[in-house]
1. I'd like the full set of residues that are surrounded by 12 or more Cβ atoms within 10 Å (Cβ to Cβ) and closer than 16 Å to A2 by Cα, limited to region 32-52.
2. Return only the number of the condition from (1) in contact with a Gly (Cβ under 7 Å, 6 or more places away or on another chain); (2) among the aliphatic types (A, V, I, L, M); (3) at pLDDT below 95 that V101 does not satisfy.
3. Could you please find all residues in region 55-105 being within 18 Å of A2 (Cα to Cα), open to solvent by less than 30 Å² (accessible area, probe 1.4 Å) and not in a strand (DSSP E or B)?
4. In the set T16, T12, which member is part of a strand (DSSP E or B) and open to solvent by 70 Å² or more (accessible area, probe 1.4 Å)?
5. State whether one or more residues within region 29-48 are outside any strand (DSSP E or B), more than 12 Å from the chain's Cα centre (by Cα) and of a type in the set (F, W, Y).
6. Need the failing condition index for R3 against (1) surrounded by 10 or more Cβ atoms within 10 Å (Cβ to Cβ); (2) at pLDDT 90 or above; (3) assigned to a strand (DSSP E or B), just the number.
Amino acid sequence: MARFYGPIGFATMQETSPGVHREQITEHKYYGEILKNSRNLTDSGQVNDNIDISNRVSILADPYANENFHAMRYVWFMGTKWKVKSADVEPPRIILSLGGVYNGE
């Protein structure tokens, strides 16, 4: 298995002005392993197809990740931010399934 080290983005809601809330992203770095490494091309009906990866990354979770796994938004992998589609908590690890490119900020 390939090794992984990189930042994972967590979203928290912050009040930017009275009554207006926005997601604030904070990054934390984690060690782990790449369990699955594959990609899919999805026909978007436009000139270029969308690239999705079906990777699974197992990270060694710290208390912050265990308490905030629901707030994980993306994983930096190979120079791109990829969406976290699902997070399975299996202490002491969290297994993340990745999807398309993250465009959320």
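The values are calculated or read from the model by the stated rules, or taken from the named source; none is laboratory data. These numbers were taken from a predicted model, which means no experiment stands behind them. Glycine gets a Cβ as well: all are built from the backbone with ideal geometry, and neighbour counts include every protein chain shown. These area figures cover heavy atoms from the full protein model, side chains too; ligands, DNA and RNA do not enter into them. Shrake-Rupley method; radii C 1.70, N 1.55, O 1.52, S 1.80 Å.
1. Of the residues in region 32-52, the ones surrounded by 12 or more Cβ atoms within 10 Å (Cβ to Cβ) are 32-37, 40, 49-52.
Result: G32, E33, I34, L35, K36, N37.
2. Just one mismatch for V101, condition (1).
3. Of region 55-105, the ones within 18 Å of A2 (Cα to Cα) are 55-61, 75-80, 82, 93-98.
Retained after the next criterion (residues that are open to solvent by less than 30 Å² (accessible area, probe 1.4 Å)): 55, 57-59, 61, 75, 77, 82, 94-98.
Within region 55-105, N55, A61 qualify.
4. Values: T12 fails: open to solvent by 70 Å² or more (accessible area, probe 1.4 Å).
Answer to the selection: T16.
5. From region 29-48, those outside any strand (DSSP E or B) are 37-38, 43-48; that's our starting set.
Those left that are additionally more than 12 Å from the chain's Cα centre (by Cα): 37-38, 43-48.
Subsequent filtering for residues that are of a type in the set (F, W, Y) retains none.
There is no residue in region 29-48 that is outside any strand (DSSP E or B), more than 12 Å from the chain's Cα centre (by Cα) and of a type in the set (F, W, Y).
6. For R3, the failing item is (1).
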